[in-house]
Amino acid sequence: MRYFFRLLAFFVVLFTWSTVFAYTPSTSDYVIVDKISTLVDGYDEYQLEQFVPLLEGAQSAFMYTDERKYWYAQEILKVIDKRLTYLSMNALLDEIAEGNLVEKWDMVEVHYVWSLDDGTVFDTSIEDLAIKYWTYSANRPYQPLRFEVWAGQMIAWFDNWVFGMYVWEERRIVIPAEEWYWEWRLDMVQEIPMETFEEWGMIPVVWEQYNFWFTQWVVVEINEWSVYVDFNHFLAWETLIFDVELIGLEK
C-alpha cells in the first residue's frame with residue numbers, strides 16, 4: 001500500500017511543476033516515464049484503476065493549457081493501460097489453464113442488468129440496482145440467474161453469450177431492435193370498436209397499458225367510435241443493452 005501512495009504523491013508533484021507550452025519531451029521525461037512504468041508493475045488491477053479517472057481528468061484540464069502536463073498524463077495512461085491489459089490476459093490464461101471457462105452442460109450463475117441505450121434500466125437480478133433505478137418489485141426474488149448451459153433452459157443466444165466466460169468476468173452485449181423484439185410495425189396497431197370495450201367493461205385511456213387475453217398493449221388514440229391499440233412490444237424500436245457477470249460455475 002505504501003507504494004500506492006508513493007505513486008500518487010509522485011503524480012501530484014509531477015502535475016504541479018511549471019507550465020511549458022509547445023512542449024517537446026526530453027530524454028529525462030522518457031526516463032521518468034520508464035521509472036513510473038517500473039512502479040506500476042507492482043500494482044494490482046484495482047489499484048491501477050483508481051488512477052485512470054485522475055489522469056483522464058488531467059488530460060482534459062491540460063489539453064489546451066499545459067502541453068507538458070498533458071503529455072505526461074497521456075504517457076502514464078498508456079503505461080497503466082498496458083499493465084491492465086497484461087493483468088487481464090494473465091487472468092484469462094490462468095482460467096484457461098485450469099479449465100475454468102464456461103462450456104456446454106456447465107451449471108452457471110449470472111447477475112444481469114437489462115437497460116436501454118439511453119441508460120434506462122428496466123430489469124436486473126441485483127436488488128440494490130432495482131431500488132436505485134425504481135424497478136424494484138416485492139413480488140419477485142432478486143438472486144443470480146442459474147441455468148445449465150445448452151440444456152434448453154434459456155434461449156440459444158443467451159447460451160452463446162456465456163460461452164468462454166470465467167468467474168467474475170463481465171460482458172456487455174448490445175442487441176439491435178431487429179434482433180430482439182423486432183422493429184415497430186404499423187400493422188400491429190389495430191382499430192377496435194368502442195362497443196367492444198363496453199362489452200369488456202373497460203374504459204380506454206390514451207397511453208394506458210393493458211394486459212388482457214395474455215397480451216400486452218397500449219391505447220394510442222380514441223375517437224367517438226373506435227379505439228386504436230398498439231400491440232407492438234413495449235421494447236420495439238429499442239436497442240437493448242445486456243450486462244452480465246458470471247459469479248458461479250460448476251463443471
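The values are calculated or read from the model by the stated rules, or taken from the named source; none is laboratory data. Here the structure is a predicted model, which means the values were calculated and not measured. Cβ: placed from backbone, ideal geometry, glycine included. Neighbour counts: every protein chain shown.
In segment 143-154, the qualifying residues are those that are touching a strand residue (DSSP E or B) at 6+ places or on another chain (Cβ under 8 Å) and modelled with pLDDT of 85 or more, and the one that is surrounded by the most Cβ atoms within 10 Å (Cβ to Cβ) is Val149. For Asn160, are the conditions met, namely being in a loop (DSSP other than H, G, I, E, B) and either assigned by TED's automatic domain parsing to the domain that holds Ser115 or loosely packed, with under 14 Cβ neighbours inside 10 Å (or both)? No.
Please verify whether Glu191 is closer than 25 Å to Ala91 by Cα and either basic (Lys, Arg) or touching a strand residue (DSSP E or B) at 6+ places or on another chain (Cβ under 6 Å) (or both), treating the condition exactly as stated.
Values: closer than 25 Å to Ala91 by Cα: no; either basic (Lys, Arg) or touching a strand residue (DSSP E or B) at 6+ places or on another chain (Cβ under 6 Å) (or both): yes.
For Glu191, the condition - closer than 25 Å to Ala91 by Cα and either basic (Lys, Arg) or touching a strand residue (DSSP E or B) at 6+ places or on another chain (Cβ under 6 Å) (or both) - is not met.
One residue stands out in segment 54-66 among those that are touching a residue at least 24 places away in the same chain (Cβ under 8 Å) and either surrounded by fewer than 17 Cβ atoms within 10 Å (Cβ to Cβ) or among the basic types (Lys, Arg) (or both): the one that is farthest from Leu39 (Cα to Cα), namely Thr65.
The set of residues from segment 99-126 being more than 25 Å from Val149 (Cβ to Cβ) and charged (D, E, K, R) comprises Asp117, Asp118.
Within segment 97-116, the residues that satisfy the criterion of being exposed (fewer than 12 other Cβ atoms within 10 Å of the Cβ) and either closer than 17 Å to Arg172 by Cα or at pLDDT below 85 (or both) are Ala97, Glu98, Gly99.
Only one entry of Trp157, Trp161, Trp182 meets the criterion of being modelled with pLDDT under 85 and farther than 22 Å from Phe234 by Cβ, and that entry is Trp161.
Go through segment 119-157 and report how many residues are assigned to a strand (DSSP E or B), hydroxyl-bearing (Ser, Thr, Tyr) and more than 20 Å from Ile175 (Cβ to Cβ). Full working, then the answer.
In the first step, residues of segment 119-157 are kept if they are assigned to a strand (DSSP E or B); the result is 121-124, 145-148.
Still in the list and also hydroxyl-bearing (Ser, Thr, Tyr): 124.
Then drop every residue that is not more than 20 Å from Ile175 (Cβ to Cβ), which leaves none.
Total satisfying the criteria: 0.
Output the number of residues of segment 152-173 satisfying the condition of being aliphatic (A, V, I, L, M), over 16 Å from Gly248 (Cβ atoms) and touching a Phe, Trp or Tyr at 6+ places or on another chain (Cβ under 8 Å). Step through it out loud before you land on a result.
From segment 152-173, those aliphatic (A, V, I, L, M) are 154-156, 162, 165, 167, 173; that's our starting set.
Narrowing further to those that are over 16 Å from Gly248 (Cβ atoms): 155-156, 173.
Then drop every residue that is not touching a Phe, Trp or Tyr at 6+ places or on another chain (Cβ under 8 Å), which leaves 173.
Residues meeting the conditions: 1.
Answer yes or no as to whether Thr215 is of a type in the set (S, T, N, Q), at pLDDT below 85 and either within 24 Å of Val121 (Cβ to Cβ) or more than 25 Å from the chain's Cα centre (by Cα) (or both). Yes.
Among the candidates Ile192, Ile155, Ile247, Ile173, the residue that is hydrophobic (A, V, I, L, M, F, W, C) and free of Cβ contacts under 8 Å to residues at least 12 places away in the same chain is uniquely Ile155. Note on segment 123-136: residues that are exposed (fewer than 15 other Cβ atoms within 10 Å of the Cβ) and of a type in the set (A, V, I, L, M, F, W, C) amount to 2.
Quick test for you: out of Tyr112, Tyr166, Tyr86, Tyr72, pick the one residue that is closer than 26 Å to Glu45 by Cα, among the aromatic types (Phe, Trp, Tyr) and in a strand (DSSP E or B). I'd like the intermediate steps shown before the answer.
Working: Tyr166 fails: in a strand (DSSP E or B); Tyr86 fails: in a strand (DSSP E or B); Tyr72 fails: in a strand (DSSP E or B).
Among Tyr112, Tyr166, Tyr86, Tyr72, only Tyr112 is closer than 26 Å to Glu45 by Cα, among the aromatic types (Phe, Trp, Tyr) and in a strand (DSSP E or B).
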